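Read-outs: derived from the displayed coordinates by stated rules, not from any lab. These numbers were taken from a predicted model, which means no experiment stands behind them. No Cβ is skipped: glycine too gets one built from the backbone with ideal geometry, and neighbour counts run over all protein chains shown.
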Amino acid sequence: MMSHNARYGKSGGWVHWMTMIAMLIVLAPGCARDAGDQAQEEILDDPRATELDRQMIARTYELARAASEQGNPPFAAVLVKADSILAEAVNTGISSGDVTRHAELSLVSDASRQFGRGELSKCTLYTSTEPCVMCSGAIRWAGIPRVVYGAPQNLGGRFQEIPCREVLGKISPETEVIGPVMSKEGEQLRSGFHRKRG
Ligand SMILES: [Zn+2]
């Protein structure tokens, strides 16, 4: 006659195998997903971006490239009302020796003097790279309701900033943020710059 313990042991083995199989079923898709994430580092563009958004991001890349050719960091921003460009700026952090001369901050600073808050409240700010914390603050103070960025801030984990959606979400939740847009081109621009700087 089978002992109680033996019966329990047999049933315990069966339970053990079933647990192993269940764990495989639960964990396998997660492992596959992680492997997929590592293999595919490409970031998908924001599907809400319009054709005008893409055109304006292309313009910021053009300006960023020109800034880089002048020895400055490859960042640029454009202020647009309806479909007209009101102002443009590039990062002049190196040529001016002023580390706060980010493209978005310079753009907001110049445009608020030139156009005033009423005009800025009808504009979209386009920027070649996701705005940093400082520039997100400036965008909030200017009351610009829409931001579209090209490349994300975080380039291969090298720059761990607070995402602008997080900053603006807290200090200006009504601001619409679209991005990344045409991020591959934007990332290439930036990685060329970071490679040069070492
Ligand atoms: Zn900035």
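The sole residue among Val99, Val108 that is in contact (Cβ under 8 Å) with a residue 24 or more places away in the chain and either among the aliphatic types (A, V, I, L, M) or assigned to a loop (DSSP other than H, G, I, E, B) (or both) is Val108. Residue check: is Thr124 touching a residue at least 24 places away in the same chain (Cβ under 8 Å), touching a strand residue (DSSP E or B) at 6+ places or on another chain (Cβ under 6 Å) and closer than 12 Å to Leu79 by Cα? Taking the combined requirement at face value, the residue satisfies it.
Can you pull out every residue in the stretch 67-87 that is over 18 Å from the mean Cα position of the chain (by Cα) and either near the ligand (Cβ under 10 Å from one of its atoms) or under 18 Å from Ala151 (Cα atoms) (or both)? Scanning the stretch 67-87 gives Ala67, Ser68, Asn72, Leu79.
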